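Below: the structure, in structure tokens.
Derivation of every value follows stated rules applied to the coordinates shown; laboratory data play no part. For clarity, every value in this text was computed on a predicted model and none was experimentally measured. Note: ideal-geometry Cβ built from the backbone for every residue, glycine included; neighbour counts use all protein chains shown.
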Amino acid sequence: MNESYEIGHRLIVVVSDKTAEAMREAQMAQEVTEDSFVTKIARSVFSLYGEPFAITLGKQTVALIQTIMDALDKGADLTTISYSESKKLNLIFSPGHPRENVVYAQHPANPRMYYTASSFHRQAFEHKFAEVIVLLSSLGAKEIKVEHVSGWDQEFSAGIGLTTPIQDSATVGVGKNGAENSALLFEAKLTGHDAPSIPDNLTWYPHEALWQAVATARVENGLKNFNLSLTYSDDYGLNAGFKTTIKGTGLDLGGKFEEHQSTVWKITGTFGPTSLQGRADV
């Protein structure tokens, strides 16, 4: 497996450099046995902050560390890293993040990318959907239809703001009305082309055998149509049990926790350049 997984933890809390240093010093300190771990932390914290902020910042830091320790005691498998460490490792967060006291979960296929625990499932699925659209577009798709089979449906698809790649897009329909289109979540018509390529740096693609088969058939044998499934079945441990473990510890999930739903969306369409007659009909 990619050595970058040695970064290596599914759930993290990012703290200030001084907080991380205080935790390390407290853990290494050789104190008399009657000293509690919190006492060790407090001594380390107050030694790191200078006046006039020592009392205020020290208390805040002790409270944060105690919160993290409480979560660990409840069974949360968390790793604490400093802001400097997160930058050194080139970790990727959403705009405005990371923030203290927030739990982040590692992307299923990219060990450097982290989402807030609350939005993990939505963002991971959205990223997977976006990638398959980019792939199909690069392979020369001229029409893409996405239909709901199970799990998240029109309400969810509208919530993640489905879009097509900017290039060559002609029309887009999301969640059309009518009984005959009740399962249709997304529809795009593109100019298409017969110069298929597989984009670099795809994240999900190496783990999706069917995507690879479609891409190979298109590039090497001129495949004209496709029918594949976008699946999201694993909750990656971010489930009701995880939510219960974190609840009451004082740690923040980053917003309202979005529950996992095992989901299958069917994606069909055709490859190749759009004919002049076809474009006139758009």
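Brief remarks follow.
- Note on THR245 and SER262: the extension gain reaches 3.9 nm, defined as 0.36 nm multiplied by sequence separation minus the Cα-Cα distance.
- Stretched out straight at 0.36 nm per residue, the stretch from ARG112 to LYS74 would grow longer than its current Cα-Cα span by 11.0 nm.
- Counting neighbouring beta carbons within 10 Å and listing from fewest to most, the residues ILE81, ILE68 come out as ILE81, ILE68.
- Surrounding net charge for GLN106, when Lys and Arg each add one and Asp and Glu each subtract one, Cβ distance under 9 Å: +2
- Given +1 at the Cβ of Lys and Arg, -1 at the Cβ of Asp and Glu and no other charges, the dipole of the stretch 196-264 around its Cα centre is 120 debye to the nearest 20.
- Sites LEU89 and SER275 - FRET efficiency at Förster radius 35 Å, r taken between beta-carbons, to 0.05: 0.10
- Spin-label model distance (nm) - LYS224 vs ALA209, 7 Å beyond Cα toward Cβ: 2.8
- Positive minus negative residues near GLY237 (Lys, Arg vs Asp, Glu; Cβ under 13 Å): -1
- The ranking of PHE125, PHE257 by Cβ neighbour count inside 10 Å, starting from the fewest, reads PHE257, PHE125.
- Ranked HIS148, HIS97, HIS207, HIS121, criterion: other C-beta atoms within 10 Å, fewest first: HIS207, HIS97, HIS148, HIS121
- For the stretch 209-282, the set of trypsin sites (Lys or Arg not before Pro) satisfying both a DSSP loop assignment and a count of at most 16 other C-beta atoms within 10 Å is given as LYS224, LYS247, LYS256.
- Extension gain for SER197-GLU147 works out to 15.5 nm (0.36 nm per residue, less the C-alpha to C-alpha distance).
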